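So the structure is just underneath, and the comments pick up after that.
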């Protein structure tokens, strides 16, 4: 990952590279591949706008006066240590996840909260996840070989799955993230030629976009005090997001 480019700058560089590549080829197949990569880039970059919008919402909802209170931070650390003792042995095993979720809910119900709250744990999680995906988008737009990118996405999704109980009972979100995690794991087993291809770039961009959108839509529901989205709602919003990019109506463009 570059230390000098923001996701927006990295996106523009990649877009210019793709446009330059398309301008010197005659093969309809290659042109179609480049066009697919360009569209995947736009959809992925639009998710960065959604991330920033979510971050702004989170900052408005947080209470900045108490945010750096020593007692609050100490209590959050104690809760994190306690929650880390709960074991999710297999992130892809739904029965194991439900057992883990139940244990987390029990921990939260019995934890002696005095200064902090689960809402602050949620805020910490949102901030961490925002940074992880921001950095991943930058890596997406700058990397020339994408094996490590797929590995990174898989790890972020595994982390996110382990933190879903912080948001509430969200089995549909869990199932969607598991599907994305398994897809990323499968892609990471491909050949070296694949990792250097535009096909792998489009696949990685699509995977990142869907994963980020699931995070954004779920976190937004939590922050606004709304019910967590189910599978139908998530799929509909992802489709609407993609359509807005294709039609040029997404706020980023």
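Side notes on the structure shown:
- Entirely in segment 110-216, the helices (runs of 4 or more DSSP H) that have 1 or more residues that are without any contact (Cβ under 8 Å) to a residue 12 or more places away in the chain and under 12 Å from the mean Cα position of the chain (by Cα): 118-142, 147-163
- Residue in segment 37-56 that is loosely packed, with under 13 Cβ neighbours inside 10 Å and free of Cβ contacts under 8 Å to residues at least 60 places away in the same chain present: yes
- Any chance residue 197 is at pLDDT 95 or above, within 18 Å of residue 83 (Cα to Cα) and either out of contact with any strand residue (DSSP E or B) (no Cβ under 9 Å at 6 or more places or on another chain) or surrounded by 15 or more Cβ atoms within 10 Å (Cβ to Cβ) (or both): no
The values are calculated or read from the model by the stated rules, or taken from the named source; none is laboratory data. Note that the structure is predicted; figures quoted are calculated from it, not measured. Ideal geometry is used to build each Cβ from the backbone, glycine not excepted, and the neighbour counts take in all protein chains shown.
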